[in-house]
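Only one structure is covered here, and it is reproduced in the block below.
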Amino acid sequence: MHQFQSFAPPQPPTAAEYAFPSVLQFLQSEWRRFERDRNEWDIEKSEMKARIAFLEGEKRGVDNSKIDLMKRVKMLEFALRQERSKYVEAKDDNSAAVPAQGQLPLAQGVTPSHVNMKTQNRMSTYGQNMTQVSPTSATPGLDPLGRAKSREFLRICLQEISYLTASVPQSIASAMPPAPTRLVRNESDRRAAAATGGRNRKSDYYPATQSSSAPPPPLNRASSVPVSTLQSFGKGKPAMNSSSPPIEDKAEDATLRQFAVPHHAAQPIPNRTTKGSEESTRTEPIVKPAPLITTNITKPPTEKMDSEKDSSDDTDSVDEDPVTVVHSPLSGDDWHAKLQRAGQQLALQDKPKKSKKAEDDVQLAKDVQDKFNISPERLNKMVKEWDKTKLDGGGCQKSMRKKKAKDSALLDELANLTVNEAETDMGTRTGDAATDEPARWRPKVTLRRHMDTVRSIAFHPTKKAILSGSEDGTMKFWNLETALGDSRKAAGGELDPIHTYRGHTKGITAVALSADQNKCFSASLDRTIRAYGLVPMNKETYARLDPSLNLSTFVGHTDAVWDIRLFPLSISSSQLLGSISADGTVKIWDTETKGSPLKSSWSYHGSDVSSATASTGPKQGPVPTGLAFCPTDLKKMVVSYSNSVIKLFDIETGKDILTFKSNETYDGTTGTQINKVICHPTLPVVVSGHEDRYIRFFDLTSGVCSYSMLTHLDAVSSLDIDPAGLVLCSGGHDASVRLWDIASTQRTCLQEFTGHRRKGNEGVCAVQYHSTMPELLATGGADSLVKIYTRS
Amino acid sequence: MLMEAQVQETLKHVPTSPTTTATTQSDLTTDSTGEEKSTPSDNKAASVSSGTSSATGRPQRNLPGTKDECLYQWPQRPLESIESAFALREYLQSLIRQDPHNVDLIISLPSGQDEHAWLYEHLCQICLELNYLIVHLEPECTPEVCPEMRAEEWMYYCATHPTPRECCAIDYLTHTLDGASALLNNVKFFPSRICVPEGSVKNFQSIARRLYRIFAHAYFHHRDIFDAFEAETSLYDRFLKLSRSRKLITDKLIIIPSLNNDDDSTGAGARQIMSRSRED
């Protein structure tokens, strides 16, 4: 504006006469004007540079905080593991801890009413809950109830964590948006549900995730669509849910825009609030997830300023709007203020803007009031405080730091209001994550280098790498980093394994990978188990053979080894490996020991009576077909047998503790045997896959079958549960892979796809989730292929 | 009885049509779709029948827990009865399992089959079994013992690298085998198992030529292992007969003296040390 003014005055004199002095004067004035403009531009440029640097710094800070949070996550995980092992040490087998476990299946049952009750409970008595939860989680094992509660709490934490690690992208701008929208939607949904007299659980959850997944722009704009419509939409199209990549893309776009159009560069506020929350996180680490979400919730108010301009009378529009970067008048002011400080005239806020803002404020007040159910007085107070902050920042040119302090003060205030929201979210997260799963898995990479049926696969627990063992006698280690990163490359490219492990003289039946020990293991029909060193991720396919990779061979089984499992916990000096063999025995090996690796061995009846039955010949007895360690009770392991029986053994003593009632369809032949047995990662639940196409769920403590379902068109060959413990993936010899929602009582099939082509009456032979990257799933099949799936 | 009360037996409804998964299994598909509302006892009956996709009444696969002596214990099936995308391979593997030394039967082309597809399956199978030869060689054929890849008086450069390298013998063997496996599994060259594109047929020769060197090295430098392995599998015999009958290897490249003493003239001609790097 002022540029225009300065341009206008010199014009008239030049038009009057063209005398030399006047021309000179004109030229001089023009030159001066030009110089001034150039100065301004320079200043503006440096300002922009400063701003870019500032934003970059902020991004770095956010990244750091992400790393910080990840560390915390790891700490929590570690603490959980410690706690479990401590518990195992302390616990007597016959102690009264059984009731505690007996209670947990309730949580596993997750009936809709149960969940609803829980969430309501949380909402109403959050403060109470928190104080209860914190001490119990600090001192677990006091009483069964507290233990169950603390476990529940930790489980929720873990889910929270896995959600965050799954979708936390590079910048906070992209990480933050989904959560607030989800919360808000949840809330409105719940209200709607209450109004319509309650809905079933699904309708409660699907829309939540739909909004959380940052729906595509067209959907965003459909602001006036009633809640119920959206709900049915969400129900009908679960595939729309939880696509984190789009969020990232969008966010990245937004970030770019931020740099490109600095005048529109928006919302430094949310970023700062994050920092504020971090401070609060430090002060009370035990309630870590709560402050995190607090920041999410406090963000909408800052955004709403703008997003409501379009549709100021529809609350839902705001609820849904996951816009990460908008033109915010506030930050615009901020920007101008900074310019002025650098020697520029202050462009005062013009009146229309102000009135607009007032409108916005009223709308905002209504919204916030609606959402958080707070009294108008309280709201007014907050708004006042908020305005003050704004004025401080814009008018008085206070430093950023001061503003930050103000913001965090406001945050604290908001935190009081929003924690129960956060808690609610935690409660519903179990359901959310479950509905996150329906996102379709799509094949991303196919690994075709094996010459025969791929019998077993194992992901690297932290890296994008996978181990595959095949009937061709080789085990191959694949680096998926580039293939998963670049879609074009993955589509047409042929990925070579970075290493091929040879050593067995017959087909490989099972593989295992221990990242802590940097080792991998393979079991084979040739009766041996072999341990190899893990090759570095950057190894070339055709590098020199390193003889030191061949570490050791565990010899002891007298018949084909059919499965191996690593003990879930490993210490530097010890890593247990369990193996089962057609010779009828279960053996436990210590893979790190210097001496004899074989720790213990027992047959069908356990260690107690093994000597008695040995005379009759263990070869005649039932043969183990699968094994699994129990992550919820580290002293025990389950073994399935060819007579369709599952037994629970004590790892240390080999004592036969419990026989599961798992053989109801056993008909005396191997046609009804169990092919695979796994344990739920967080609940005392055992899942078995049967040759006669059943999948059954058992309670670990009682051995009672809690659910049984026919699942495939042919034998179930492989099972895995996703790291969050909500979805069961099963592979069958009908060549299909199916995903089951095990959090619901119906246990519906979420997705089904043809995994592999059949060869020799076999189809899919192995399914595996990545334990820390929930977006990765792999299958191995009779067609010699390994397929990697991603979710989108 | 408590258990019975809790068990709910339902055939789960699956969102997508089961026909996609059961193209090779039409009998099962019909079975299960008609079964959706059936009682547990019906399910049991159906489940038993589901396993009977073969004539023997039991699925022909090695279940977990199968003992050594029971592995692959199912009767030889005629090729026509194998309904699978891998029929040729299954048939070939069952022939080999039946009697690995009956080489003539194994390499003879089944009637009505594509010559090149059969050859392809054979080469795949040979690569597979060569893995085991290398496993046997590995303890003995170390970089110290065999620092160069030699076979009789020939020396070979490893062609799997961008520029051929003088890999030590064991590296050469593994690289060659990995390279051959990669080539055979490459969908660009071999997109189908039913027929082989004309342009890819020439790859058979280079693959065979390289695989031959693995045998040659074992024969000339690790004769004990070679003989033991040969006695067990007749792999070299199979490979040689296959290569000759299909003209994969020219006679002058055959440097291993005939094992059966019936024809010892081949391979005597070539007598100079050569660098065979990228002639393919």
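Annotations
- Only listed residue being closer than 26 Å to B:Glu90 by Cβ, more than 12 Å from every other protein chain (Cβ to nearest Cβ) and of a type in the set (Gly, Ala, Ser), chosen from A:Ala735, A:Ala778: A:Ala778
- In region A:654-711, the residues that are farther than 28 Å from A:Leu80 by Cβ, of a type in the set (Val, Ile, Thr) and buried (at least 20 other Cβ atoms within 10 Å of the Cβ): A:Thr665, A:Thr670, A:Thr672, A:Ile674, A:Thr711
- Some residue of region B:186-204 being charged (D, E, K, R), in contact with a Ser or Thr (Cβ under 9 Å, 6 or more places away or on another chain) and under 26 Å from B:Pro147 (Cβ atoms): no
- Test: residue in region A:749-769 that is under 14 Å from A:Leu726 (Cα atoms) and away from chain B (no Cβ under 12 Å): yes
- Considering A:Tyr542, A:Tyr532, the condition of being at the interface with chain B (Cβ under 10 Å from one of its Cβ atoms) and aromatic (Phe, Trp, Tyr) is satisfied by A:Tyr542 alone.
- Residue in region A:504-526 that is touching a helix residue (DSSP H, G or I) at 6+ places or on another chain (Cβ under 6 Å), away from every other protein chain (no Cβ under 14 Å), within 20 Å of A:Pro723 (Cβ to Cβ) and open to solvent by 40 Å² or more (accessible area, probe 1.4 Å) present: no
- Looking across region B:102-113, the residues that are in contact (Cβ under 8 Å) with a residue 40 or more places away in the chain and surrounded by 15 or more Cβ atoms within 10 Å (Cβ to Cβ) come down to B:Val103, B:Ile106, B:Ile107.
- Of all residues making up region B:228-238, the number that are surrounded by 19 or more Cβ atoms within 10 Å (Cβ to Cβ) and of a type in the set (Gly, Ala, Ser): 1
This table checks each residue for (1) open to solvent by 20 Å² or more (accessible area, probe 1.4 Å); (2) small (Gly, Ala, Ser); (3) at pLDDT below 90.
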{"residue": "A:Ser408", "(1), (2), (3)": "yes, yes, yes"}
{"residue": "A:Thr418", "(1), (2), (3)": "no, no, yes"}
{"residue": "A:Met426", "(1), (2), (3)": "no, no, yes"}
{"residue": "A:His460", "(1), (2), (3)": "no, no, no"}
{"residue": "A:Gly485", "(1), (2), (3)": "yes, yes, yes"}
{"residue": "A:Gly493", "(1), (2), (3)": "yes, yes, yes"}
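- For region B:123-171, filtered to residues that are among the charged types (D, E, K, R), within 12 Å of another protein chain (Cβ to nearest Cβ) and in contact with a strand residue (DSSP E or B) (Cβ under 9 Å, 6 or more places away or on another chain), the residue that is surrounded by the most Cβ atoms within 10 Å (Cβ to Cβ) is B:Asp171.
- Total residues in region B:172-227, condition crowded, with 22+ Cβ neighbours inside 10 Å and acidic (Asp, Glu): 1
- Test for A:Trp589: is it at pLDDT 85 or above, open to solvent by less than 40 Å² (accessible area, probe 1.4 Å) and either in contact with an Asp or Glu (Cβ under 9 Å, 6 or more places away or on another chain) or more than 14 Å from A:Glu652 (Cα to Cα) (or both): no
- Selection of region A:57-91 for residues being open to solvent by 90 Å² or more (accessible area, probe 1.4 Å) and of a type in the set (D, E, K, R) yields A:Arg60, A:Lys71, A:Lys74, A:Arg81, A:Lys86, A:Glu89.
The values are calculated or read from the model by the stated rules, or taken from the named source; none is laboratory data. Bear in mind the structure is a predicted one, so any value in this text is a computation, not a measurement. Here the Cβ is made from the backbone with ideal geometry for all residues, glycine too, and neighbour counts use every protein chain on show. Only protein heavy atoms, including side chains, enter the accessible area calculation; ligands, DNA and RNA are left aside. Shrake-Rupley method; radii C 1.70, N 1.55, O 1.52, S 1.80 Å.
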